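Engineer: The structure follows.
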Amino acid sequence: MRLRFIILSALLLSALAGCTTTRRFPNLEAPPEPPPLPSPVAPKARIDSDTFLPWASEEPSLIVVDKTCRTLNLYHYGRLSRTYPAVFGRKPGRKVYEGDQRTPTGLYMIIGKRNHHQRWARFMLLDYPTEQDVRLYWQNVSAGIVPRRGDGYRGVGGAIGIHGTDDEVLNRIGVDWTMGCVSLLNADVKELSAFVSVGTLVYIKD
């Protein structure tokens with residue numbers, strides 16, 4: 001928990017506000033774990049190769065998801081190594097309750113990986129909801145914002161992750177279609193999955 005607090009504090013203080021375009025770096029020194037980076041494909045766009053998070057220099061991998069920039073950035077030992085286009089929940093804003101079709105905001109961790117999924121290529125499960133998400137949920141229950149279902153309120157929800165797509169056209173034109181997950185192109189999520197492991201931290205920001 002302390003490590004998560006330190007990383008979240010650093011992220012909030014870092015100059016991560018600007019959106020980056022995408023490039024794959026050919027000469028990155030690959031970490032021992034996750035597996036070495038493969039030979040790069042043609043760059044998707046230009047990016048500042050000096051992008052570096054000094055406070056994350058000891059982290060083998062770190063993911064920063066930017067809902068405003070519509071990107072998922074992968075860092076290896078503090079240095080930006082990949083940027084992928086991403087789409088999100090059908091409705092904007094921070095996830096509060098089950099069925100609100102929003103993507104959560106906050107610091108999470110990959111707690112499970114599936115290399116095969118009946119609908120999408122790869123699935124990386126996040127530890128949503130965290131204590132902060134549960135606290136936000138009950139604040140919204142008290143404020144009357146969470147709708148009722150049957151005799152009680154909807155729950156805080158779960159099963160949020162990073163996965164591929166069964167309709168790449170929607171991803172390519174930037175349509176937000178998920179129920180709250182982060183969706184990448186299938187080739188991108190397959191590549192990302194090879195670089196990260198259970199325990200990798202994922203920061204999702206608006």
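Engineer: Give the order of R148, R114 when sorted by the count of other beta carbons within 10 angstrom, beginning with the fewest.
Structural biologist: So the ranking, lowest neighbour count to highest, is R148, R114.
Engineer: Under 22 Å from the Cα of K190, which lysines turn up, not counting those fewer than eight places away in the same chain?
Structural biologist: Reachable lysines: K44, K67, K113.
Engineer: List R70, R149 from most exposed to least, where exposure is judged by having the fewest other Cβ atoms within 10 Å. Walk me through the intermediate numbers first.
Structural biologist: Numbers: R70 15, R149 12.
Listing R70, R149 from fewest to most nearby Cβ atoms yields R149, R70.
Engineer: Hey, got the dipole for the range 38-186? About the Cα centre, +1 on K and R Cβ, -1 on D and E Cβ, debye to the nearest 20? Don't skip to the end; give the middle numbers.
Structural biologist: Numbers: 20 positive and 15 negative charges, 73 e Å.
Dipole magnitude for the range 38-186 comes out near 340 debye.
Engineer: From the Cα gyration tensor of the range 61-121, with a ≥ b ≥ c the square roots of its eigenvalues, which class applies: rounded if a/c is under 1.5, or else prolate if a/b is larger than b/c, or else oblate?
Structural biologist: Numbers: a/c = 1.76, a/b = 1.28, b/c = 1.38.
Note, shape of the range 61-121 comes out oblate.
Engineer: Turning to a different aspect of this structure: What are the radius of gyration and Dmax of the range 87-191, computed over its Cα atoms and given in Å?
Structural biologist: Spelled out, the Cα radius of gyration and Dmax of the range 87-191 are 14.5, 44 Å.
Engineer: Convert each backbone phi in the range 160-165 into a coupling constant with the Karplus relation 6.51 cos²θ - 1.76 cosθ + 1.60 (shift: θ = phi - 60°), then list the ³J(HN,Hα) values in order as whole Hz, x for Gly and Pro.
Structural biologist: These are the phi-based 3J(HN,Hα) values: 8, x, 10, 8, x, 8 Hz.
Engineer: Same structure, new question: Can you give the local net charge around D66? Use residues other than it whose beta-carbon is closer than 9 angstrom to its beta-carbon, Lys and Arg +1, Asp and Glu -1. Don't skip to the answer; put the middle values down first.
Structural biologist: Values: positive: K67, R70, K205; negative: D206.
Result for the neighbourhood of D66: +2.
Engineer: Right, here's the next one. Determine, for H116, H76, the number of other Cβ atoms within 10 Å of each Cβ, and report the residues in order from fewest to most.
Structural biologist: Going from least to most buried by this count: H116, H76.
Engineer: Would you pull out the residues with amide H under 5 Å of V156's amide H, same chain only if 5 or more places away, H placed 1.01 Å from N?
Structural biologist: Placed amide hydrogens put E98 under 5 Å from V156.
Engineer: Output wanted: per-residue J couplings in Hz (rounded whole) for the range 71-88, from phi through Karplus 6.51 cos²θ - 1.76 cosθ + 1.60, θ = phi - 60°, x for Gly and Pro.
Structural biologist: Residue by residue, the range 71-88 yields 9, 10, 9, 10, 10, 10, 6, x, 9, 5, 10, 8, 10, 10, x, 9, 10, 9 Hz.
Engineer: Right, something else. What are the residues whose amide H is under 5 Å from the amide H of V65, where those residues sit 5 or more places off or on another chain and H is modelled from the backbone?
Structural biologist: N73, Y203, I204, K205
Engineer: With unit charges on the beta carbon (Lys/Arg positive, Asp/Glu negative), name the residue among V169, G157, G180 whose Cα is farthest towards the positive pole of the charge dipole of the range 141-187.
Structural biologist: Farthest along the dipole direction, towards plus: G157.
Engineer: Taking H placed 1.01 Å from N in the peptide plane, check which residues at least 5 places from L126 or on another chain put their amide H under 5 Å from its amide H.
Structural biologist: Excluding prolines and chain starts, which carry no amide H, the hits are I111, I160, G161, I162.
Engineer: Local charge sum around R94 (other residues, Cβ-Cβ under 13 Å, Lys/Arg +1, Asp/Glu -1)?
Structural biologist: Details: positive: K67, K91, K95, R102, R135, K205; negative: D100, D133, D206.
That sum, taken over residues with Cβ under 13 Å, equals +3.
Coordinate-derived values only; no laboratory data. Note that this is a predicted model, so its numbers are computed, not measured. Heads up, the Cβs are rebuilt from the backbone with ideal geometry, glycines too, and the neighbour counts pull from every protein chain shown.
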